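A.B. asks: Just passing along the structure, written as structure tokens.
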Amino acid sequence: MNNDRFFLERKNDTRTFPIFDDETPLAKRNLWWLIVLPPLIFAIVVIPQILWPDIDTSTKGMVEETLIVLWQDVMPLILFILMLHELAGRSLRSFFKKLTWHDIGDGVVALLLGNLYAIITSLTLTAISKNLVAANITTGSFKAGMPKSELTTNFIREVLTDIPSLLCEELLAIIPMLAAATLAYRYYGQSRKNSIWIGLLVSIFVFGLAHFSAYDWHLAQMFIVIGMSRLFDTGVYIRTKNLWVSYISHYLWDTVSSGILFLIAMNK
């Protein structure tokens, strides 16, 4: 592998990718389904947001809130697990490796670089034109003037529901990446390096497209800010071959962002 190693991969790495490094490749049809189905599964999350864009979850009762969480955060994860079992013969567990200090170090670097990239690109786009950037839907949970008890409840809810929902986002980005790279490498005669590049580009596109509802079809933000952020999260997955690293990095970024908005709203 060393002669055809992708630049982000560690030298003399003994870890392997699920799907991409399998001794016997999956059937071409299954690989295509692994590219197409994750965005369709993720669409389940945004259906209520499209049909009822002005829904205020804070006014819902416990039963309604529970149903919304099950639909938007738990159901997609169940479907991802079933898809992996049926099409790839794999469990979700195969994507996770034991965390090492090298993994943690790489995760910290990816988190810092990803945050720096997001801040710079968001400020740049805003400076060019405010019409290029939409406010993240997370801000709706932390509006100025909300009672502090409601703000606290909303923050706790987001921290907890992000556990399954951000795992779904990681699977949305990583599974098509691995499937596209495998297709290119095993069926279309591409080198290992080129195949991983193709998978990374698919990951960027799929992840950006999946955020159309969150960013109100602001294409620059969807693809330049959000989609290209996968250079760091998918990139650190490629380096570590460990979903724990990209998942934790992604979760910390979203939690810190929500925490900042929460603290700002609490002090207004």
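The values are calculated or read from the model by the stated rules, or taken from the named source; none is laboratory data. It should be emphasised that the depicted structure is a prediction, and the values quoted were computed from it without experimental measurement. Positions of Cβ are backbone-derived with ideal geometry, glycine not excepted, and every protein chain shown enters the neighbour counts.
A.B. asks: Can you find a residue in region 69-78 that is modelled with pLDDT of 95 or more, more than 18 Å from the chain's Cα centre (by Cα) and assigned to a helix (DSSP H, G or I)? Steps first, answer last, please.
C.D. replies: Step one: of region 69-78, the residues modelled with pLDDT of 95 or more are none.
No, there is no match, as no residue in region 69-78 is modelled with pLDDT of 95 or more, more than 18 Å from the chain's Cα centre (by Cα) and assigned to a helix (DSSP H, G or I).
A.B. asks: Still on this model: Quick check on Phe232: is it at pLDDT below 85 and of a type in the set (Phe, Trp, Tyr)? Explain how you work it out, then say what you get.
C.D. replies: Details: at pLDDT below 85: no; of a type in the set (Phe, Trp, Tyr): yes.
No; evaluated as a whole, the condition is false for this residue.
A.B. asks: Check off (1) among the small types (Gly, Ala, Ser); (2) in a loop (DSSP other than H, G, I, E, B); (3) modelled with pLDDT of 95 or more for Ser246 and give me the number that stays unchecked.
C.D. replies: All conditions pass for Ser246, except number (2).
A.B. asks: Further, regarding this structure: Specify the residue that is nearest to Asp13 (Cα to Cα); the eligible residues are those in region 239-251 that are of a type in the set (Val, Ile, Thr) and crowded, with 23+ Cβ neighbours inside 10 Å.
C.D. replies: Keep residues of region 239-251 that are of a type in the set (Val, Ile, Thr), which gives 240, 245, 248.
Checking the rest, the ones that are also crowded, with 23+ Cβ neighbours inside 10 Å come to 240, 245.
Working: Thr240: 9, Val245: 16 Å.
Once the filter is applied, the top-ranked residue is Thr240.
A.B. asks: Now a separate question. In region 130-150, what residues are modelled with pLDDT of 65 or more and of a type in the set (S, T, N, Q)? Show your work before the answer.
C.D. replies: We begin by selecting, within region 130-150, every residue modelled with pLDDT of 65 or more; these are 141-150.
Once the filter is applied, which keeps residues that are modelled with pLDDT of 65 or more and of a type in the set (S, T, N, Q), region 130-150 yields Ser141, Ser149.
A.B. asks: From the residues in region 151-190 that are polar (S, T, N, Q) and modelled with pLDDT of 95 or more, which one is nearest to Pro25 (Cα to Cα)? I'd like the intermediate steps shown before the answer.
C.D. replies: Residues of region 151-190 that are polar (S, T, N, Q), as a first pass: 152-154, 161, 165, 182, 190.
Keeping just the survivors that are modelled with pLDDT of 95 or more gives 182, 190.
Details: Thr182: 8, Gln190: 15 Å.
Once the filter is applied, the top-ranked residue is Thr182.
A.B. asks: Is it fair to say Ser94 is more than 28 Å from Phe223 (Cα to Cα), part of a helix (DSSP H, G or I) and at pLDDT below 85? If you could, list the steps in order and put the result at the bottom.
C.D. replies: Details: more than 28 Å from Phe223 (Cα to Cα): yes; part of a helix (DSSP H, G or I): yes; at pLDDT below 85: no.
Taking the combined requirement at face value, the residue does not satisfy it.
A.B. asks: May I ask you to list pairs of residues, at least six apart or on different chains, whose Cβ atoms are under 6 Å apart, with the first in region 3-15 being outside any loop (DSSP other than H, G, I, E, B) and the second being surrounded by 10 or more Cβ atoms within 10 Å (Cβ to Cβ)?
C.D. replies: Listed pairs, sorted by first residue: Asp4/Ser191; Asp4/Arg192; Asp4/Lys193.
A.B. asks: Now for a different question. Consider only pairs whose beta carbons are under 8 Å apart and that are at least six residues apart or on different chains; among these, list those whose first residue lies in region 134-158 and is exposed (fewer than 13 other Cβ atoms within 10 Å of the Cβ) and whose second residue is at pLDDT 70 or above and part of a helix (DSSP H, G or I).
C.D. replies: Correct list of pairs: Ala144/Ala265; Lys148/Met266.
A.B. asks: Scanning region 203-219 for residues that are modelled with pLDDT of 70 or more and either under 18 Å from Ala179 (Cβ atoms) or not in a loop (DSSP other than H, G, I, E, B) (or both), which turns out nearest to the chain's Cα centre (by Cα)? Step through it out loud before you land on a result.
C.D. replies: Of the residues in region 203-219, the ones modelled with pLDDT of 70 or more are 203-211.
Next, from what is left, pick out any that are either under 18 Å from Ala179 (Cβ atoms) or not in a loop (DSSP other than H, G, I, E, B) (or both): 203-210.
Numbers: Ser203: 9, Ile204: 10, Phe205: 12, Val206: 10, Phe207: 6, Gly208: 9, Leu209: 11, Ala210: 9 Å.
Among those residues, the one meeting the criterion is Phe207.
A.B. asks: Within region 249-268, work out how many residues are among the charged types (D, E, K, R) and not in a helix (DSSP H, G or I). Can you show your working first?
C.D. replies: Keep residues of region 249-268 that are among the charged types (D, E, K, R), which gives 254, 268.
Next, only the ones that are not in a helix (DSSP H, G or I) stay: 268.
Looking only at that region, the number is 1.
A.B. asks: Related question: What are the residues in region 182-197 that are crowded, with 16+ Cβ neighbours inside 10 Å and free of Cβ contacts under 8 Å to residues at least 12 places away in the same chain, if any?
C.D. replies: If the condition is that a residue be crowded, with 16+ Cβ neighbours inside 10 Å and free of Cβ contacts under 8 Å to residues at least 12 places away in the same chain, then Gln190, Asn194 are the ones that fit.
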